[in-house]
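Student: Mind having a look at this structure? Questions to follow.
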Amino acid sequence: MKTLTFWALADNGFDTAETIGDLLRDFSREAPDVEVRVEVKPYGALWEALFSALKNPREYPRPDLVEIPCTWGATFGHMGLLEDLAVLAPQIRLDAWLPELRPYCAAPGKPDIISLPWWTSLRVLYYRRDILDKAGIRPETGLATWDGFLETCRQLHGKWGHQDTFHLVANPNPRDSLSLIDLAPPVWAFGGQFFSSDGRRSLFHREESFRGISAYLTLMAEGWMPLLGRSGLILKDLFEGHAAFQFSGRFPRSVLAGPRSGREKVTGLGAKIGAVPFPSGPARSQTILASRQLAVVKGSKYAREAAQCVLYLAQPSAGSSYARSVGGLPCSAAAFEGWFRSREDLRQTFTQSFGRARTLPPVSALGVTERVLERAMESVLEAILRRSYKPEHLREQIIYAAAEVDYILSLYE
Amino acid sequence: MSRTRELLYHFHKELNAPNLASLELMEMGLERISKSIRADPLASFLWDDARKILSQQLSYSRGRSLQTEQHIHLLETQPLWQLVHGGKEILSFHDPHEILYVPLAWRGTEKPLGVLRLERVRGRAFTKGQKRLAADFARELAQNLHQAHQDEINRQQLKRLSTLTELTAVFASSLRVEDSLRLILQGIQQHFAFDRVRLYAVDKPGVRLRGEMGVDIRGRIQNLRAEEYLLEPGRHRFADVLLSTPSDTSLERYRDVVLYLPLVVQAQKIGLLILDNLTSQQPIVREDAWMLKSFAGQIALAVDNARLFDEVQELSLYDSLTRLPLRRYFNQRVQEEMYRAERFSQPMALVILDIDFFKEINDRYGHQIGDLALVEVSRIIMGNLRKIDFPCRFGGDEILILLPQAREDEAKMITSRLLQEIQKIRVPVPFSKAKELRVTVSMGVATYPADSKTIEGLIEKADEALYWIKSHGRNGVALYQGLSASSVQPGLFEPKPGASEGLDAEGPSKEAGAPEENTGGSEAGAGDTGGTGGPQSGVGSGGTNP
């Protein structure tokens, strides 16, 4: 029996391993001599575990396959941790998946296919219709631009005030912090960039990027978005009825799409939730298309079997099934079309957003940039928490972070 | 026994199973607590005193546990802070459902371990008794966790010590600088799992910090020779670290992921070792940093010893005056080349070079001038050989040159060039009339396998050829090719170049009784050399470059 170890992210919480297990039933029938053992790891622990395995493979055994965020592929691909799937499974054609996701599949500067898309997220602004109705705010106008959105928040905050378990804007970050995925849309909206076009220099310290980050930080500085798990209270999000707004790339079908038949009208909380494309900034209206990718790790004893498993999981039908379970979006155009069931309003929003979507560039230092930025932002958020935040502090942190990333980029040359 | 005591007793017994790692212990603890108090989900948080955060470790729900990551940043004014630091025993909330926090602490520790969070999404609020029980369970769990942590710390410490023992053995295993450095750096990178390890050395005058070698994330050696920094305050952060001068605040920013280890031997800073996790952004473990800092002295000694050894090696292998390899080194090398020549049927030539009238130069002008002449000749030799050729100072003024893979014609070419270049030497002799001294040499050449198939045979034959040229006018080259007294081949010897170029008339020859044709600055007469026969020679005439 060939046992494959699969390191997966906790996309479906406690049910992750079970969900993947269910998905693999057909694979097990096709490959009865292959057993897949799923180990669920949190985000930070997975990053550390992959690096430990890279640096000291004798002491830290590597998995056979791994689920990674789209921001990590270029970094680990560059360091030689991921197999070229085209070699292991020559039948792979990237046509099966959304062409927009191709940058996430490739090693920087090489033709290798180092990962395949599994499920995606596309950031939009969800809102509570009933709350806006009560305040007399029309989402099409009030939430179309970033200024409009901030003004709406101000108005609503005046009405609702501060409540312990209800926040105006739920934090999409699972650690109540700020990440690259959170910052990308506002940075782009304000005309900023993260990297130069040749991928050799960081640009997020430039004025436009700074203004984008600063605008997003306003949500936290004003107390509209919860911060760093501050109170210790369990904070529920908009899909649990505890926020008026939420930036999210997900589509939790159980809440939004209603009963499985698809013909019945959505009731309850789901019916109260609408969505608009990410608010536009002075420069443009853009949102981020992110994904989770599947890869085979170099050094796997059963690399071909692992590649077959990756191919199986990533194929549109299995991928869509998984996306459905975790509240994500599918990676194939065909599946995307029929995804929203009875929610024509949301389908329109997502289709519109898709037209404005952008991926992060496949720069070797992308994964590291994510970590560096998070560290910098944590310092800023700490200052907000302690009510000692000043914009100069943000600027300083961003400049340092950019310098650090530039140095790391130079190592990759 | 009361029900509570009974529950606690059983809990205590289960947690005391041997060899449980912290995570397993926590998992077991949460499962038991969940069943006993009917709470679901549960989560454990550990206190990070440096960052002032509660860091979530594990969640438990419906019979399953999941490693999770969530941080709760605490301010001193918050109730949760008081819970963590002993000011409160229990903290509960009722919105959005029942939530209970109890401290993970026990009387034996000064610092809190963390907190447990218990929830009851549906059903009644936790009773007072349940809250008390939860706090008692947490206390029991904390005690066991503390023990498990201590065990893990001890294991880690043991591992570090064993790593250092291994590394020490590595240091002792090789003394060649390159090998030593490579082993040291790779050993540190692998054992302590750094992204990069880089070594910089202070140059001899103490002016510059030079890159030596680095190891990357995959354990591959990187050449850092292109890097060089002036050791002046403010020039570069590496210089500031080594000079202990205040640097910009960026160093502070990276203190979690970059470790600078100045290498000091007998109060002298000899280098800088830099270890970083800039790519992985993994914070350097504090205990690893301490251990490496205390080990830095040994690393410094190892690096210094290796360099010293190489210097001593060089001293014993190289002549300090001429920088030519010494006989000892030559003997080693010639064996290797002979083996190669035999194995691959390759030709080889051996040249013996002798400075003409060297004794007279010393006697007339002093040993300093003699040394200068020797240095100049050596310089010319080293600058005009092929990469594979091997010169050596055999003794006194005698220099041997091994020419691997060289046939007779190639040997002629090389020796001809040497002769020409050496003839251009002008050694300043301020106190002499001509103010300078010209130098000439005589060379005898033997080839393998034609002249001999042994080293001793080659030396002997080359010596014979040298003797021949010495007795036939000097300032030339003779090839041993079937040389015998009766087989002198006429017309093959060509006059020495520069014979009519007007040299120092004050040659030592006349006064010292040396032959007329002295090269100690005087012209060697063209006819004096005579010589129509002898071994093939003729190299060095007319000053033409071969």
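Student: Need one word for chain A: rounded, prolate or oblate. Basis is the Cα gyration tensor (sqrt eigenvalues a ≥ b ≥ c); a/c below 1.5 gives rounded, then a/b vs b/c decides. Write out the running numbers ahead of the final one.
Tutor: Working: a/c = 1.82, a/b = 1.29, b/c = 1.42.
Oblate, since a/c reaches 1.5 and b/c is not below a/b.
Student: How far, in nm, would the chain grow between B:GLU227 and B:LEU158 when pulled straight, counting 0.36 nm per residue and subtracting the alpha carbon separation? Present the calculation step by step, with values, prior to reporting the outcome.
Tutor: Numbers: separation 69, 0.36 × 69 = 24.84 nm, distance 3.68 nm.
Extra length from B:GLU227 to B:LEU158 when fully extended: 21.2 nm.
Student: Something else: Sort the following peptides by mean Cβ neighbour count (other Cβ atoms within 10 Å, averaged over residues), highest first: A:9-20, A:170-181, B:262-273. Numbers along the way, then the final one.
Tutor: On the way: A:9-20: 18.8, A:170-181: 20.4, B:262-273: 16.6.
Ranked from most to least packed, the peptides come out as A:170-181, A:9-20, B:262-273.
Student: Sticking with this structure for a sec: Could you tell me which of rounded, prolate or oblate describes the range A:247-334, using a ≥ b ≥ c as the square roots of the eigenvalues of the alpha-carbon gyration tensor, with rounded for a/c under 1.5 and, failing that, prolate when a/b is larger than b/c and oblate otherwise? Display every interim value, and only then the final one.
Tutor: On the way: a/c = 3.40, a/b = 1.55, b/c = 2.19.
Oblate shape, in that a/c is at least 1.5 and b/c is the bigger or equal ratio.
Student: Karplus couplings for the range A:89-102 from phi (6.51 cos²θ - 1.76 cosθ + 1.60, θ = phi - 60°), rounded to Hz, Gly and Pro as x?
Tutor: Result, ordered by residue: 9, x, 6, 4, 10, 6, 4, 5, 10, 4, x, 5, 8, 4 Hz.
Student: Listed highest first by mean packing, meaning other Cβ atoms within 10 Å per residue, what order do B:371-383, B:211-223, B:134-146 come in? Before the final figure, lay out the partial values.
Tutor: On the way: B:371-383: 18.9, B:211-223: 16.8, B:134-146: 21.5.
Taking the mean over residues of other Cβ atoms within 10 Å, the ranking is B:134-146, B:371-383, B:211-223.
Student: Restricting to DSSP H runs of at least four residues, report the calculated mean residue ellipticity at 222 nm for chain A, -39500 (n - 2.57) per run over all residues, nearest 500 deg cm²/dmol.
Tutor: Numbers: 19 runs with 182 residues, N = 413.
Calculated from helices alone, the mean residue ellipticity at 222 nm is -12500 deg cm²/dmol.
Student: Follow-up question, since we're still on this one. What is the extension gain from B:LYS293 to B:ARG124, computed as 0.36 nm multiplied by their sequence separation minus the C-alpha to C-alpha distance, in nm to one decimal? Write down the numbers at each step before the final one.
Tutor: Values: separation 169, 0.36 × 169 = 60.84 nm, distance 5.57 nm.
In short, 55.3 nm is gained.
Student: Just to check I understand the Karplus step: with θ = phi - 60° and J = 6.51 cos²θ - 1.76 cosθ + 1.60, what whole-Hz values come out for the range A:289-294, glycine and proline as x?
Tutor: With coefficients 6.51, -1.76 and 1.60, one gets 9, 10, 7, 10, 10, 10 Hz.
Student: A follow-up question, please. Return the sequence-ordered ³J(HN,Hα) values of the range A:169-176 in whole Hz as given by the Karplus equation 6.51 cos²θ - 1.76 cosθ + 1.60 applied to θ = phi - 60°, using x for Gly and Pro.
Tutor: Coupling constants for the range A:169-176: 10, 6, 7, x, 7, x, 9, 6 Hz.
Student: Between their Cα atoms, which of B:LYS52/B:LYS131; B:LYS35/B:LYS159; A:LYS55/B:LYS159 are more than 29 Å away from each other?
Tutor: Numbers: B:LYS52/B:LYS131 26 Å; B:LYS35/B:LYS159 38 Å; A:LYS55/B:LYS159 17 Å.
From the list (B:LYS52/B:LYS131; B:LYS35/B:LYS159; A:LYS55/B:LYS159), the Cα-Cα distance tops 29 Å for B:LYS35/B:LYS159.
Student: Count, for each residue of A:382-389, the Cβ atoms from other chains sitting within 10 Å of its Cβ, then give me the mean as a whole number.
Tutor: Values: counts 4, 0, 0, 4, 2, 1, 0, 0.
Mean partner shielding for this stretch: 1.
Student: Give me, ordered by chain and number, the residues 5 or more places off B:LEU263 or on other chains with an amide H under 5 Å from its own placed amide H.
Tutor: Those qualifying (amide H under 5 Å, at least 5 residues apart or on another chain) are B:ILE270, B:GLY271, B:LEU272, B:LEU273.
Student: For a quick check: with amide H placed at 1.01 Å from N, whose amide H comes under 5 Å from B:ASN475's, ignoring anything fewer than 5 positions away on the same chain?
Tutor: B:VAL441, B:SER442
Student: If you don't mind, another one. Under a 5 Å amide H to amide H cut-off, with H placed in plane at 1.01 Å, what residues pair with A:ARG358 once short-range neighbours are removed?
Tutor: Excluding prolines and chain starts, which carry no amide H, the hits are A:THR287, A:ILE288, A:LEU289.
Student: Order of B:TYR318, A:TYR127 from fewest to most other C-beta atoms within 10 Å?
Tutor: On the way: B:TYR318 17, A:TYR127 25.
Exposure proxy ranking, most exposed first: B:TYR318, A:TYR127.
Student: Separate question: Sort A:VAL36, B:VAL445, A:VAL187 by Cβ crowding within 10 Å, fewest neighbours at the top.
Tutor: Values: A:VAL36 23, B:VAL445 33, A:VAL187 28.
With the sparsest Cβ surroundings first, the list reads A:VAL36, A:VAL187, B:VAL445.
Student: Give the average, rounded to an integer, of partner chain Cβ atoms located within 10 angstrom of each Cβ in A:50-60.
Tutor: Working: counts 1, 8, 3, 0, 6, 14, 6, 2, 1, 4, 1.
Averaged over the peptide's residues, the number is 4.
Student: Across the residues of B:190-200, average count of Cβ atoms on other protein chains within 10 Å? Provide the component values of the computation, followed by the final result.
Tutor: Details: counts 4, 2, 2, 7, 1, 7, 1, 0, 0, 0, 0.
Average neighbour count from other chains, rounded to a whole number: 2.
Computed from the coordinates by the stated procedures, all read-outs in this text should not be read as laboratory data. The structure displayed is predicted, hence computed values, not measured ones. Virtual Cβ from ideal backbone geometry, glycine too; neighbours counted across all protein chains shown.
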